[in-house]
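Structure first, then comments.
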Amino acid sequence: PANCHAMCEALAAPERLVSPTRFTNSVHNVAAGYWHIATHAMTASTSLGAFDASFAAGLLEAAAQCAYTQAPVLLVACDVPYPEPLHGVRPLPDAFAVAMVLVPQGGRRLALAVAADAEPTRCSDAALEMLRGQIPAARALPLLQALAGPQAAALVIEGLPQQALAVEVEVGAA
């Protein structure tokens with residue numbers, strides 16, 4: 001966000017000069033790109049954004065990759081507050097990040113489906129529910145609670161309008 005803010009300020013100035021390095025570091029997949037370079041990773045990566053539906057979209061993408069490749073997939077979702085004036089347009093009260101590894105066969109199985117107009121699953125804890133409602137990456141909290149529990153669960157994660165993501169967490173062999 002700070003990099004994006006600095007570029008917006010530069011473009012709003014009379015000179016409109018943007019640093020090539022700052023521009024290079026403004027793309028959505030820059031963190032994944034630097035990680036691939038640093039670790040010499042040759043595996044695929046996807047970076048996506050879907051506003052408030054980003055966690056649901058990321059989970060669906062990661063699950064599809066995992067099922068197709070039959071290989072583990074790392075899902076990372078992160079949001080940080082924007083500086084002003086962007087914060088005034090899209091306020092985020094705090095930073096939140098979550099990472100999980102999806103494996104093709106494991107102790108817990110996830111079944112995903114589109115759930116049109118379904119109400120999202122809320123957190124029972126008021127503080128967690130406040131985060132879930134205000135930070136897109138925190139939409140993961142009901143899933144994390146279900147995964148931490150001992151039994152099967154069914155939940156809904158906000159997606160795009162009329163396209164929530166229904167998730168069934170099944171109990172499997174440990």
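Data overview
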{"read-out": "Single residue of segment 46-67 satisfying the filter (open to solvent by 40 Å² or more (accessible area, probe 1.4 Å) and not in a helix (DSSP H, G or I)) that is nearest to residue 137 (Cα to Cα)", "value": "49"}
{"read-out": "Hey, residue 165 surrounded by 14 or more Cβ atoms within 10 Å (Cβ to Cβ), in contact with a Gly (Cβ under 6 Å, 6 or more places away or on another chain) and touching a residue at least 60 places away in the same chain (Cβ under 8 Å) or not", "value": "yes"}
{"read-out": "Residues (within 16 Å of residue 135 (Cβ to Cβ) and either in contact with a His (Cβ under 6 Å, 6 or more places away or on another chain) or in a loop (DSSP other than H, G, I, E, B) (or both)) located in segment 68-81", "value": "80, 81"}
{"read-out": "So residue 128, is it within 15 Å of the chain's Cα centre (by Cα) and either under 16 Å from residue 58 (Cα atoms) or free of Cβ contacts under 8 Å to residues at least 60 places away in the same chain (or both)", "value": "no"}
{"read-out": "Residues being open to solvent by 50 Å² or more (accessible area, probe 1.4 Å), under 22 Å from residue 74 (Cα atoms) and part of a helix (DSSP H, G or I) - total across segment 19-38", "value": "5"}
{"read-out": "Options 30, 80, 73: the member that is more than 21 Å from residue 169 (Cβ to Cβ), of a type in the set (A, V, I, L, M) and without any contact (Cβ under 8 Å) to a residue 40 or more places away in the chain", "value": "30"}
{"read-out": "Residue 11, sole failed condition from (1) over 19 Å from residue 140 (Cα atoms); (2) of a type in the set (A, V, I, L, M, F, W, C); (3) touching a residue at least 60 places away in the same chain (Cβ under 8 Å)", "value": "(3)"}
{"read-out": "Filter result (open to solvent by 60 Å² or more (accessible area, probe 1.4 Å) and not hydroxyl-bearing (Ser, Thr, Tyr)) within segment 68-87", "value": "70, 72, 74, 76, 78, 84, 85"}
{"read-out": "Selected residue (only one of 146, 138 is in contact with a Lys or Arg (Cβ under 7 Å, 6 or more places away or on another chain), in a helix (DSSP H, G or I), surrounded by 13 or more Cβ atoms within 10 Å (Cβ to Cβ) and not basic (Lys, Arg))", "value": "138"}
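The values are calculated or read from the model by the stated rules, or taken from the named source; none is laboratory data. In this text the structure is predicted, and so the values were computed from the model without any measurement. Methodologically, a virtual Cβ is constructed for each residue, glycine included, from the backbone with ideal geometry; neighbour enumeration extends over all protein chains shown. The accessibility values were calculated without ligands, DNA or RNA, using every heavy atom of the protein model including side chains. Shrake-Rupley method; radii C 1.70, N 1.55, O 1.52, S 1.80 Å.
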